[in-house]
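Reviewing the structure listed below.
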Amino acid sequence: MKEFLDLLRNDHHQFDQGKLEDYFGSEPFALVAKWLREAIERGVSEPNAMSISTIGLDGFPHSRIVYLKELLEEGPIFYTNYNSAKGKALEANPKVHALIFWPGMERQISITGTVEKVPEEMSDEYFQSRPWGSKIGAWASQQSEELASRDELENRVKELAELFPVEVPRPPHWGGYVIKPVQIEFWQGRASRLHDRIVFELNDGNWRVFRKNP
Ligand SMILES: Cc1cc2nc3c(=O)[nH]c(=O)nc-3n(C[C@H](O)[C@H](O)[C@H](O)COP(=O)(O)O)c2cc1C
C-alpha cells in the first residue's frame with residue numbers, strides 16, 4: 001500500500017517535450033490542426049479522442065470521450081446520437097467544454113464554446129463513410145437509455161440487420177455537432193511545472209492572444 005501511495009505521489013515527471021513560444025498571433029485552428037497532425041505522426045494512441053463536458057439536465061457537469069472527426073473553419077466536429085444524454089443536455093444548454101490530452105507530447109488543448117448541429121448533408125456523408133456494423137449500431141443503440149439486457153440490444157441488431165442488409169440510411173437522430181469556440185487554450189508541459197499556456201479568446205470577432213500563469 002505504501003509503495004502504491006508513493007507511486008501516486010511521485011512528482012518527478014520532467015515535462016521536456018517542447019515549448020510554446022512562437023505561436024502568438026497565429027490562428028488557433030491552424031495550431032489545433034498542427035498539434036493533431038503531430039500527434040497522428042507521432043503515433044500516439046487515440047490522437048483524436050476528446051472529452052466533451054456538458055451541463056446535464058440534472059445541473060451537474062458530465063464528461064465523456066468522443067472522436068474529433070473533422071476540423072471546419074468554424075471549429076471541431078464530433079458525431080453522436082442527438083437523443084443521448086449529451087444530446088438532450090446540449091438541446092437545453094449548447095455550451096460545452098472540450099479537452100484533448102496527448103500525454104506523450106505533454107500537450108493539452110481546452111476549448112470553450114457553443115455547439116450547433118452540422119448540416120444534414122454533412123452528417124449523411126460522414127455516416128455513409130462508416131462500416132456497415134457501425135451504421136447498424138447507430139440505429140440499434142438508444143444511446144444513454146437504460147437497457148434491460150445485452151440480449152435486448154443484440155436482438156435489435158439482428159432485426160435491423162435484416163431490415164438494412166446492405167444500404168443503411170442515417171438515423172434522423174444521429175449526426176454531428178460543430179463546436180464554435182469562444183476560447184481555446186494550448187498547454188505545453190515545461191520543466192519545474194512552469195508550463196506554457198497560450199490562450200486565444202474571441203473578442204468582437206478577433207482573437208486576443210495572451211499567456212496565462214501555469
Ligand atoms: C475512445 C472513445 C471514443 C468515443 N467516441 C464516441 C463518439 O465519437 N461519439 C459518441 O457518441 N460516443 C463516443 N464514445 C462513447 C461516449 O464516451 C459515451 O459513452 C456515449 O456517447 C454516451 O454518452 P452520454 O450518455 O453522456 O450521452 C466514445 C468513447 C470512447 C472511450
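Rule-based calculations on the coordinates, nothing more; no lab input. The model shown is predicted, which means the values in this text are computed figures rather than measured ones. Cβ atoms come from the backbone with ideal geometry, glycine included; neighbour counts cover every protein chain shown.
Taking the square root of 5 times each eigenvalue of the Cα gyration tensor, what semi-axes in Å does the equivalent ellipsoid of segment 109-192 have, largest first? Please report the intermediate quantities before stating the final value.
Working: eigenvalues 233, 64, 32 Å².
Over the Cα atoms of segment 109-192, the semi-axes work out to 34, 18, 13 Å.
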How high is the FRET efficiency between E125 and V44 when r is their beta carbon distance and R₀ equals 35 Å, given to the nearest 0.05?
0.80
What are the radius of gyration and Dmax of segment 1-83, computed over its Cα atoms and given in Å?
17.7, 51
Hey, what do the phi angles of segment 172-181 turn into as Karplus ³J(HN,Hα) couplings, whole Hz, using 6.51/-1.76/1.60 and θ = phi - 60°, x for Gly and Pro?
x, 9, 10, x, x, 10, 9, 8, 9, x
At q = 0.13, 0.18 Å⁻¹, what log₁₀ I(q)/I(0) does a Debye calculation on the Cα points of the chain give, no solvent, two decimals?
-0.87, -1.30
Values of log10 I(q)/I(0), in the order q = 0.16 Å⁻¹, for segment 164-214 under a Debye, Cα-only, solvent-free model:
-0.63
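When the chain is fully extended, how far beyond the present Cα-Cα distance does Q142 get from F4, taking 0.36 nm per residue of separation?
Details: separation 138, 0.36 × 138 = 49.68 nm, distance 3.99 nm.
45.7 nm is the gain from fully extending Q142 to F4.
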Amide H within-cut-off set for R130, under 5 Å, with H built and near neighbours excluded
none
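Please list the three semi-axes, largest first and in whole Å, of the ellipsoid equivalent to segment 63-151, using sqrt of 5 times the eigenvalues of its alpha carbon gyration tensor.
Working: eigenvalues 113, 57, 51 Å².
For segment 63-151, the semi-axes come out at 24, 17, 16 Å.
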If I histogram all Cα-Cα distances within segment 86-128 using bins 10 Å wide from 0, what percent of pairs lands in each bin?
23, 31, 36, 10
For the pair S63/A161, report the inter-label distance in nm, with labels modelled 7 Å from Cα in the Cβ direction.
3.7
Taking only DSSP H segments of four or more residues, each worth -39500 (n - 2.57), what value at 222 nm results for the chain once the sum is divided by all its residues, to the nearest 500 deg cm²/dmol?
-9000 deg cm²/dmol
Whole-Å semi-axes of segment 112-154's equivalent ellipsoid (Cα gyration tensor):
25, 17, 7
Computed over the chain: relative contact order in percent, which uses C-alpha pairs under 8 Å that are six or more apart
25
Measuring from label point to label point, each 7 Å out along Cα→Cβ, what is the L194 to E152 span in nm?
5.8
